[in-house]
Amino acid sequence: MNFVEELRWRGMIHDIMPGTEEQLQEEMTTAYVGIDPTADSLHIGHLVSIMMLKHLQMAGHKPLALVGGATGMIGDPSGKSEERNLLSEEVLRHNVEAIKKQLLKFLDFEHGENKAEIVNNYDWMKEFSFLGFLREVGKHLTVNYMMAKDSVKKRLDTGLSFTEFSYQLVQAYDYLHLNTTKNCKLQMGGSDQWGNITSGTELIRRKTGGEAFALTCPLITKADGGKFGKTEQGNIWLDARYTSPYHFYQFWLNCSDEDTERYIKIFSLFSREEIESMIAEHRQAPHTRLLQKALAKDITVRVHGEEEYNTAIEASEILFGKGTTETLKKLPENVLLAVFEGVPMFEVSKAEIETGINIIDFLGEKTSITQSKSEARRMLKEGSISINKEKVSEDLVVSSDHLINNHHILVQRGKKNYFLVQAR
RNA sequence: GGGGGGAUUCCAGAGCGGUCAAAUGGGGCAGACUGUAAAUCUGUUGGCUAAGCCUUCGGAGGUUCGAAUCCUCCUCCCCCCA
């Protein structure tokens, strides 16, 4: 199965420029996707692009990951972009390094002619003078052409700065640059990038007469209309410092059935046969969530490793399984901390706990488990607060009896919100 | 330049002198159900030293025993006529 066919059955093609498939059949082709290095970690939204590169590489082509040191500073008008902050070179270098480390988990940067590479457009944009840019790039695309892009049109009535308007030129130039220096003939990205990408192919055509192609994948959506990859806590990051492996695992486990059928094709490398049989099996017994588990495992292992995956499972079992106060109290401290890594932590003085703290003060004042004492009272009345997995009422006094291993108290607000209170 | 309408608690949107911490819907949070789901149903949704008190209805003053509600000025939005 060739690259395009592979993406097609996985539902990863939104738009493809005529001739792209032929180009890929003809020779080993270099292709790139752009990533904004706005943080020192990727989040799962980036994963789609990365999977495109992965499939590309597996099909024998050469993937480039372009980190947009330059473009990241400008802000793409097609995003819901506010004006972006300029990143310092130092931060940028740090982010690029961190991102590269994460990419290593997905792409092969070492072996073969088609080993992956990282390029940074800041390297070729930083010395480019404004006049030089106007003469070399600006000359070749008309404003009329640029204005016709959806990303620009949509902003015309609310207004967009010249800087943002120019974004597509900068991105187009990247493509041209990679085309001439690295013989890169394909740019991929999310469907919102189509306009920017075709500006690039157009620039290449006009400037060098060469051919270049475009391929975009659909925007990942959720069946309920929500935004993919976001939770109340924010983005799902690949870096364990930002999203613990447990939360990462939970994110995938909690996807709806409908979404998971699409996601597993996009985010896992299971073969078509494997996926189809899993989907069929899952539909037989949806409550076992076989599909979610398979996807969550596949991707958690790839991102965080087998060991972290196992801890995540263990944690899930304690939190959602038959875990009781007894099992909790038996848990060694290091396991407890690993399980609850990433859950919000509060510190309360041990002396106060030994004296005894009224539950309402404990929730609303000593910690921010509830936002106010009123909320604490309400929650207690609703029976939504548990301590060490046991529901508690308004008259409880938190004391040293509640300490696990002599320094922790596990508090739940509702079913899914866990807090760890540390006595010190 | 002239005329008119509006700004309300997270959002939309009622209220137009006391009974208003403010209807209703959405959203949020929680409970039941369940698959750690969806749908549904229920409760809840300013704060506190809690049958009481305090701070909220664009801003500043004023009238009144009492104001989100009336008056004056200011700021910002919208509409109509030139």
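The values are calculated or read from the model by the stated rules, or taken from the named source; none is laboratory data. Quick caveat, the model's predicted, so the values are computed rather than measured. Neighbour counts run over all protein chains shown; Cβ positions are idealised from the backbone, glycine included. Just the protein is used for accessible areas: all its heavy atoms, side chains included, with ligands, DNA and RNA removed. Shrake-Rupley method; radii C 1.70, N 1.55, O 1.52, S 1.80 Å.
A:Val392 exposes around 20 Å² of accessible area when a 1.4 Å probe is run over every protein chain in place.
Counting DSSP beta bridges with both partners in the range A:3-217, what percentage is antiparallel, nearest 5? The partial results should precede the final answer.
Values: 2 of 21 bridges.
Expressed as a percentage, antiparallel bridges in the range A:3-217 total about 10.
Computed from the C-beta positions of A:Gln25 and A:Glu314, the FRET efficiency with R₀ = 45 Å rounds to 0.45. Computed extension gain for A:Lys126 through A:Ser277, at 0.36 nm per residue and net of the alpha carbon distance, reaches 49.3 nm. Placing a label point 7 Å from the Cα of A:Phe228 along the Cα-to-Cβ line, the residues of the range A:1-27 whose backbone N sits under 13 Å from it are A:10-15.
Taking all protein chains together and a 1.4 Å probe, the residues A:Met1, A:Met379, A:Met51, A:Met345 rank A:Met1, A:Met345, A:Met379, A:Met51 from largest to smallest accessible area.
Take the Cα radius of gyration of chain A and divide it by 2.2 N^0.38 Å, N being the number of residues; the result is 1.16. The listed residues A:Lys207, A:Lys54, A:Lys391 rank as A:Lys391, A:Lys207, A:Lys54 when sorted by accessible area, largest first, using a 1.4 Å probe.
By accessible area, using a 1.4 Å probe on protein heavy atoms only, the range A:230-321 has 48% of its surface on carbon and sulfur.
May I ask you to order A:211-219, A:279-287 by the average number of other C-beta atoms within 10 Å around their residues, highest value first?
Values: A:211-219: 21.0, A:279-287: 12.2.
By packing density, highest mean first, the sequence is A:211-219, A:279-287.
DSSP bridge analysis restricted to chain A gives an antiparallel fraction near 45%, rounded to the nearest 5. So what is the accessible area of the range A:331-424 per residue, in Å², with the probe set to 1.4 Å? Here the per-residue accessible area is 49 Å².
Counting only protein heavy atoms and a probe of 1.4 Å, the accessible surface of the range A:334-424 is 43% carbon and sulfur.
Between A:Ser400 and A:Ser256, what is the FRET efficiency for a Förster distance of 45 Å, r being their Cβ-Cβ separation, to the nearest 0.05?
On the way: r = 43 Å, r/R0 = 0.96.
The computed FRET efficiency comes out at 0.55.
For helix A:306-320, what angle does its Cα long axis make with the longest principal axis of chain A, in degrees from 0 to 90 and rounded to 10? The angle comes out near 50 degrees.
Which of A:Lys101/A:Lys297; A:Lys297/A:Lys381; A:Lys101/A:Lys149; A:Lys222/A:Lys381; A:Lys115/A:Lys222; A:Lys293/A:Lys389 have a Cα-Cα distance over 29 Å? From A:Lys101/A:Lys297; A:Lys297/A:Lys381; A:Lys101/A:Lys149; A:Lys222/A:Lys381; A:Lys115/A:Lys222; A:Lys293/A:Lys389, over 29 Å: A:Lys297/A:Lys381; A:Lys101/A:Lys149; A:Lys222/A:Lys381; A:Lys115/A:Lys222. Skip the ligands, DNA and RNA, and give the accessible area per residue of the range A:230-321 with a 1.4 Å probe, whole Å². Using a 1.4 Å probe on heavy atoms only, each residue of the range A:230-321 averages 49 Å². On the basis of the beta-carbon distance and an R0 of 45 Å, A:Lys115 and A:Lys153 show a calculated FRET efficiency of 0.70. Listed by chain and number, the aspartates and glutamates placed with their C-alpha closer than 14 angstrom to that of A:Lys185 are A:Glu21, A:Glu22, A:Glu26, A:Glu27, A:Asp174, A:Glu202, A:Glu211; residues fewer than eight positions away on the same chain are left out. When both the range A:175-206 and the range A:385-424 are represented by their alpha-carbon centers, they are found 56 Å apart. Sorting the segments A:194-203, A:251-260 by their residues' average number of neighbouring beta-carbon atoms within 10 angstrom, most packed first, yields A:194-203, A:251-260.
Over the range A:3-217, give the accessible area per residue in Å² for a 1.4 Å probe, as an integer. Each step should come with its number before you reach the end.
On the way: 9540 Å² over 215 residues.
On a per-residue basis, the range A:3-217 sits at 44 Å².
Extending 7 Å from Cα along the Cβ direction at A:Lys416 and again at A:Glu347 yields two label points whose distance is 3.0 nm. Take the solvent-accessible surface of the protein heavy atoms, probe 1.4 Å, and return the percent of it on the range A:89-185 that carbon and sulfur atoms account for. The nonpolar share, carbon plus sulfur, comes to 52 percent.
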